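Please treat every number below as a calculation from the coordinates, not as lab data. None of these values were measured; they are calculated from a predicted model. Positions of Cβ are generated from backbone atoms using ideal geometry, with glycine treated the same way; all protein chains shown enter the neighbour counts.
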């Protein structure tokens, strides 16, 4: 029917859980949902655009007790961030490759809300898929949600996939 | 990949524009978007569930100047509603048939917000697609929006397709 593949942007982030490998539970859920329910076996009909926004402050959290004594310390910190980001993308790119669906993946730094909106304006996907922890209104006040912001402001249709209740970690704000 | 087709519910309503044939601009837009961007040529991978909620009060609006003198008057009014609802569904079912995608369509009466939630709970679609007039916050106060309500409360992922600016009728609350 349509000639150009449907360009499906997925916003991904790292898990906040110690020891959880790379991708957050909710962004993995959203990604897998999109493959299973939307892409299905029509791999030629879709292209996945995987965007990871690194939050400088958050990523530096582990370094609270570090001592910075030289420019080299910062270079190695930046290098470590870069490697972590690449590890995250590698997971999604490998998954697309396994299935045979075309993909592009890239990293940006900044506030996820603003960067996602900006990247949507720039690459103009047909659809944005984001995961959400599915927090209640009380918990949301403290943590804010990227998904709600995208729903309101994105210039393309947005689909929010809530984390399944059985996948909720001990502290529900973790992901 | 998945064996069962993805069950895609589309909520449809009549146009409020006089002379506009049957389906509202925004629900047609949402339906066509889903066919073009999600279903594409993978017609075996999807089943469309077309739900039309008739609002008793709204449908009775044309009858403001009518005089009801017998039970027969009410029967004929109900019959007329039934025929209008069927005409609306016919459009969508025909479109699915043309494309070759399986569908089911049905009519319920009541408050669209509540009925859509109820039907989602009952038929458990994988995804709800609804159109939206894309009104600003000021206009929304007066007309309310079914799409926002579904986004907040539906038990399945929801995708809201905004009416394209160039399709806005003279009065933007019309559709």
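Listed values, structure above:
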{"item": "Translational diffusion coefficient (Stokes-Einstein; Kirkwood radius from C-alpha pairs) of the stretch A:11-124 at 10 °C, 1.306 mPa s, in µm²/s", "result": "103 µm²/s"}
{"item": "Residue exposure sequence - B:37, B:162, A:109 - by fewest surrounding Cβ within 10 Å", "result": "A:109, B:162, B:37"}
{"item": "Inter-label distance, nm, simple model (7 Å from Cα along the C-beta direction), residue A:81/residue A:18", "result": "2.3 nm"}
{"item": "Label point 7 Å beyond Cα along the C-beta direction, distances from residue B:167 to other copies (nm, shortest first)", "result": "3.2"}
{"item": "Test item: B:32-41 mean partner chain Cβ contacts at 10 Å", "result": "6"}
{"item": "For A:155-163, mean number of other protein chain Cβ atoms within 10 Å", "result": "4"}
{"item": "A:33, B:106 arranged by Cβ crowding within 10 Å, fewest neighbours leading", "result": "B:106, A:33"}
{"item": "Between 0 and 90°, nearest 10: helix A:71-99 axis offset from chain A longest Cα axis", "result": "20 degrees"}
{"item": "Label point 7 Å beyond Cα along the C-beta direction, distances from residue B:122 to other copies (nm, shortest first)", "result": "4.7"}
{"item": "Minimum Cβ-to-axis distance in chain B for the rotation onto chain A, with residue, whole Å", "result": "B:42, 2"}
{"item": "Pseudo-label separations to other copies for residue B:67 - Cα-to-Cβ vector, 7 Å, nm", "result": "9.8"}
{"item": "Pairwise label distance in nanometres, residue A:121 with residue A:109, each label 7 Å out on the Cα-Cβ vector", "result": "2.1 nm"}
{"item": "Of A:116, A:99, A:107, the one that fluctuates the most in a GNM where chain A has Cα springs shorter than 10 Å", "result": "A:99"}
{"item": "Helix-only [θ]222 nm of chain B, DSSP H runs n ≥ 4, -39500 (n - 2.57) each, per residue, nearest 500", "result": "-12000 deg cm²/dmol"}
{"item": "Fraction of beta bridges assigned by DSSP in the protein assembly as shown that are antiparallel (%, nearest 5)", "result": "5 percent"}
{"item": "Relative contact order (percent, whole number), chain B, Cα cutoff 8 Å, 6+ residue spacing", "result": "32 percent"}
{"item": "Label point distance in nm, residue A:55-residue B:44, each placed 7 Å from Cα along Cα→Cβ", "result": "4.5 nm"}
{"item": "Fewest-first ranking of B:103, A:27, B:156, A:96, using other Cβ atoms within 10 Å as the exposure measure", "result": "B:156, B:103, A:96, A:27"}
